[in-house]
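The values are calculated or read from the model by the stated rules, or taken from the named source; none is laboratory data. Owing to the predicted nature of the structure, the values given are computational and were not obtained by experimental measurement. Ideal geometry is used to build each Cβ from the backbone, glycine not excepted, and the neighbour counts take in all protein chains shown. Remember, those area values only see protein heavy atoms, side chains included, never the ligands or the DNA or RNA. Shrake-Rupley method; radii C 1.70, N 1.55, O 1.52, S 1.80 Å.
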Amino acid sequence: MPACEKLAPDCDLEERDINNLNDHIKIQFEDVFGEEKGSARSIDCVWRGSYCCFNGTLSCCYKTLSILCAIPMAFCWACEFACLACYHVWCVTPQVRFYTMMCMPIKKLYELYLSVCCGPLCETCGLICSKIVVTNKTG
């Protein structure tokens, strides 16, 4: 078993974008170049050659860049997400919990105020409005 398979045995090498994170990236030849029917068109061998050149260059450059950059970039992003997770676990979540606990008495006071002061007023307005009778006279 190669060393890479020992390091990441659950890594899916077939489907590498299962969450469709990069659907917006269109890098197929047909997504970049196109000639309309009936318009000025290049010679067929030029079109085929451009197709081969584009795909070959794209593949070669992408593989070279990924060899040079993928592991360092993965390391940097892993550090970034680790810092984010740490910040949320140790700062954000406790702070939200703290403010939730601190605001609970204020919430209780507002509920009490609304039920004691505004409740009877709203109930009285409801009783007054319930006595309104609307009749529609036609003719």
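A few notes on this one:
- Note that region 1-95 presents 92 Å² accessible area per residue, ligands and nucleic acids not counted, probe 1.4 Å.
- Against the chain, whose longest principal axis is taken from its Cα atoms, helix 93-113 shows a tilt of about 20°.
- Ellipsoid semi-axes for the chain, based on the Cα gyration tensor and the rule √(5λ), read 64, 36, 13 Å when sorted largest first.
- For the chain, the longest principal axis of the alpha carbon atoms and the long axis of helix 119-130 meet at an angle near 80°.
- Straightening the chain between ALA70 and LEU121 buys 11.7 nm, computed as 0.36 nm per residue apart minus the Cα-Cα spacing.
- Residue separation of LEU58 and ASP10 scaled by 0.36 nm, minus their Cα-Cα distance, works out to 14.5 nm of gained length.
- Shape of region 75-139, Cα gyration tensor, a/c cut at 1.5: oblate
- Taking the longest Cα principal axis of the chain as reference, the axis of helix 44-87 is set at about 50 degrees.
- Within the accessible surface of the chain, defined with a 1.4 Å probe on protein heavy atoms only, the carbon and sulfur portion equals 67 percent.
- Reachable lysines from LYS108, criterion Cα separation under 16 angstrom, eight or more residues apart if same chain: none
- Placing unit charges on the Cβ atoms of the charged side chains and taking the dipole of the chain about its Cα centre, the candidate lying farthest along the positive direction among CYS60, GLY38, MET73 is MET73.
- Proximal lysines to LYS26, defined as alpha-carbon separation beneath 18 angstrom and excluding residues fewer than eight positions away on the same chain: LYS63
- Mean residue ellipticity at 222 nm, helices only, the chain: -21000 deg cm²/dmol; runs of at least 4 DSSP H residues each add -39,500 (n - 2.57), and the sum is divided by the number of residues.
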